[in-house]
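Below is one structure; the comments refer to it alone.
The values are calculated or read from the model by the stated rules, or taken from the named source; none is laboratory data. Remember, it's a predicted structure, so these values are computed and weren't measured experimentally. Because the Cβ atoms are built from the backbone with ideal geometry, glycine has one as well, and the counts that use them run over all protein chains shown. Protein only, heavy atoms only, side chains kept; ligands, DNA and RNA dropped before computing areas. Shrake-Rupley method; radii C 1.70, N 1.55, O 1.52, S 1.80 Å.
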Amino acid sequence: MTWQLRRAGAADVPAIMAIETAMFPTDAWSPEAMARDVSDPNCYYLVAFPPEAPQRIEAYAGLLAPRGAFEADIQTIAVAEAAQGKGLGRVLMLRLIDEARSRGARELFLEVRADNPGARHLYEKLGFAEIGVRRGYYKPDNVDAVVMRLAITAPQPGLAQSGDITFKQQETPS
């Protein structure tokens, strides 16, 4: 399967919320909170869709990273059940890491449900390390949040090595 990524906009919030409520039935964000983050210039939200059906959002991810701030935070990420297991979550995470780097962040944080071993494994493979636990963080389920941190290295000039993936976004001419 192939997907394209693009920056999310206000018109994407209903499709994002459909995935959000399906994937997180007990602790989904509100549509108002999601719309606020999607439109916040300090945030960077992406959606993924099949090239032949740009209106069919199958995943989304969001980052809070004010330009010039040392720290950034993965706000949320979700892949619709039908699109899971195909590497889409990894691609979204890599793009958010690159965006955090481009905004000047050198540390990236996230919280993940303690009962989500698949997501924890992905984050560990991407270099995140567990730094703490927030007891009962996810309500109303009272599930712990595992807090993870990634040290973001500054971009280094040179040729890519086997396994290196860097996404580049074209700048809009001013």
LEU108 being in contact (Cβ under 8 Å) with a residue 12 or more places away in the chain, of a type outside the set (Lys, Arg), outside any loop (DSSP other than H, G, I, E, B) and in contact with a helix residue (DSSP H, G or I) (Cβ under 6 Å, 6 or more places away or on another chain)
yes
The range 26-49 residues that are farther than 18 Å from ARG6 by Cα, paired with ones that are open to solvent by 30 Å² or more (accessible area, probe 1.4 Å) and basic (Lys, Arg) (beta carbon under 9 Å, 6 or more apart):
THR26/LYS139; ASP27/ARG113; ASP27/LYS139
GLU58 - would you say it is touching a strand residue (DSSP E or B) at 6+ places or on another chain (Cβ under 9 Å), under 19 Å from ARG113 (Cα atoms) and modelled with pLDDT of 95 or more?
no
Checking VAL38 against (1) modelled with pLDDT of 95 or more; (2) β-branched (Val, Ile, Thr); (3) under 17 Å from GLY89 (Cβ atoms), the condition it does not meet
(3)
Counted residues, the range 71-105 - those being part of a strand (DSSP E or B), over 14 Å from PHE128 (Cβ atoms) and small (Gly, Ala, Ser):
1
